[in-house]
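The structure appears right after this line, and notes come after that.
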Amino acid sequence: MHSLRTRASLCASALLGLATLAGPAGGGLARQAQQKPIRFGDIVISNFVRAEFELGNFTRAVGPNTTVDAVDPRQNTRARIQAQSLTAYLVPKTSNRVDRIEATGNVRFSGTRAVPGGGTQTVRATGTRGVYNKLQEVLTLEGPVTFSARQPAASGSGQESVEGSAAKAVYDGAARVLTLSGKVQATVVTPDTPAEGSSFSGDEVRVEMASRPYKVIVHNPSLEGKVNIRLRDESGKE
């Protein structure tokens, strides 16, 4: 439910079709008081210093640490996006479901989801701008981008992880597929690798995290990439 101040702003601006909620006049955004969290459709927006709404269409919030939280209890997923500017668009002709969120400026993403067999996958990523398609659970980040993900190993002992950097990253949360492209540097750790994992670099690296252990596909037409696969021996030694 919107705060009283938000609802008052919306009512006062209804004839114009646009509502604005801002901090005190004077001073830069960094010095303005942050507003109380508001609910827009099925997301919560917090830590912003200015927000505007186009009724039934979108909301835009700005501030150094503007935050959007999206929770889907049916899928047991949580996603948080932080950036200097966030714009959330509703699904057309609805008032309670957000379709996508566009972020610019110091973008930070964190998310969790339950994985089959038990346990939780955690994901973190950073970039300069991005789009999160909430309905399809697809995150697209442009960079430079950093990305890390961790989940329990299928055996129940140990964990699998991937971390790296690239010019662009696309993460399909529902399929648990990560595609890194442009000057990719990635490290994958599974129970089959030593602690330092296996490293991959190239034009594009695709990591299928639903495969147990991970499936890695390297696309390297420039021939500038390198693959360094390290495995433990049968005794478990490196």
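In this calculation the C-beta distance from Lys36 to Leu223 is compared with R0 = 45 Å, giving a FRET efficiency of 0.25. Rolling a 1.4 Å probe over the protein heavy atoms gives the range 155-220 an accessible area of 42 Å² per residue.
Applying 0.36 nm per residue to the separation of Asp72 and Asn96 and subtracting their alpha-carbon distance, the gain on full extension is 7.3 nm. Across the accessible surface of the range 68-164, with the other protein chains kept in place and a 1.4 Å probe, carbon and sulfur atoms take up 44 percent. For the modelled label position 7 Å from the Cα of Asn47 along Cα-to-Cβ, which residues of the range 57-72 have backbone nitrogen atoms closer than 14 Å? 62-70, by backbone N distance to the label point. For the residue pair Leu231 and Ala175, what label-to-label distance in nm results when each label sits 7 Å from Cα along the Cα-to-beta-carbon direction? According to this spin-label approximation, the distance is 2.7 nm. Expressed as a fraction of 2.2 N^0.38 Å, the value expected for a compact globular protein of N residues, the C-alpha radius of gyration of the range 76-217 is 1.06. Its Cα centre serving as origin, the range 128-207 has a Cβ charge dipole (Lys and Arg +1, Asp and Glu -1) of approximately 260 debye. Here Lys215 is the anchor, and the lysines within straight C-alpha reach of less than 29 Å, apart from those fewer than 8 places off in the same chain, are Lys134, Lys168, Lys183, Lys226, Lys237.
The values are calculated or read from the model by the stated rules, or taken from the named source; none is laboratory data. Quantities reported herein were computed from a predicted structural model and do not represent experimental measurements. Cβ sites come from the backbone with ideal geometry, for glycine too, and all protein chains shown count toward neighbours. Quick note on the areas: whole protein, heavy atoms, side chains included, nothing else; ligands and nucleic acids left out. Shrake-Rupley method; radii C 1.70, N 1.55, O 1.52, S 1.80 Å.
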